[in-house]
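Please read the structure below before turning to the comments.
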Amino acid sequence: LMAMPISQHMGFDITDVAPGRFEISQPFRRELSFRDGAFQAGPVGTLADMAAACAGATMLPDGWAASTIDYTLKLLAPAVGEKLVARGRVVRSGRTLTVAAADVFAVRDGKETLCATALTTIRNFETPRPRQ
């Protein structure tokens, strides 16, 4: 995940990984906002998508990868705070498709507020083997 240019650009941290779970935190940065202290919807959706897709990827065998094919984001409250925390979880893992979800929390003064939730469909695929 952290090899992806967008991950490097956003500057988030992977804060928890377990089978079927993945957590990312994103510190507030002015360039991710639409006003001081408030994250814009795009970064909120990006974090939700990545947390859900990566949760799905934790269930794949070696040599397999995952790519989001669809996600729905519901914005529930303003994303105001020092950081965002996105917690992805697998709903159902299959051979070619996985359904995962993610909740995104805005953290302000140590208090978490649920600001978005997402449902994601992920396509699982075997990565090409290097030619010898």
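The values are calculated or read from the model by the stated rules, or taken from the named source; none is laboratory data. In this text the structure is predicted, and so the values were computed from the model without any measurement. Cβ coordinates were reconstructed from backbone atoms using ideal geometry, including for glycine residues, and neighbour counts include every protein chain displayed. The accessibility values were calculated without ligands, DNA or RNA, using every heavy atom of the protein model including side chains. Shrake-Rupley method; radii C 1.70, N 1.55, O 1.52, S 1.80 Å.
Let me confirm something: among Leu32, Leu60, which residue is open to solvent by less than 40 Å² (accessible area, probe 1.4 Å) and without any contact (Cβ under 8 Å) to a residue 40 or more places away in the chain?
Leu32
Only one residue in Gly37, Gly20 is open to solvent by less than 40 Å² (accessible area, probe 1.4 Å), free of Cβ contacts under 8 Å to residues at least 60 places away in the same chain and not aliphatic (A, V, I, L, M), so which one is that?
Testing whether each residue is open to solvent by less than 40 Å² (accessible area, probe 1.4 Å), free of Cβ contacts under 8 Å to residues at least 60 places away in the same chain and not aliphatic (A, V, I, L, M) leaves just Gly37.
Name the residue that is farthest from the chain's Cα centre (by Cα), counting only residues in the range 97-132 that are within 16 Å of Glu82 (Cβ to Cβ) and charged (D, E, K, R).
Asp109
Looking only at residues in the range 88-111 that are open to solvent by 80 Å² or more (accessible area, probe 1.4 Å) and part of a strand (DSSP E or B), which one is nearest to Glu23 (Cα to Cα)?
The extreme case among them is Arg89.
How many residues are of a type outside the set (Asp, Glu) and exposed (fewer than 15 other Cβ atoms within 10 Å of the Cβ) if we restrict to the range 114-132?
Residues meeting the conditions: 8.
Among the residues of the range 22-41, are any assigned to a loop (DSSP other than H, G, I, E, B) and at pLDDT below 90?
So far as the range 22-41 goes, yes, one or more of its residues are assigned to a loop (DSSP other than H, G, I, E, B) and at pLDDT below 90.
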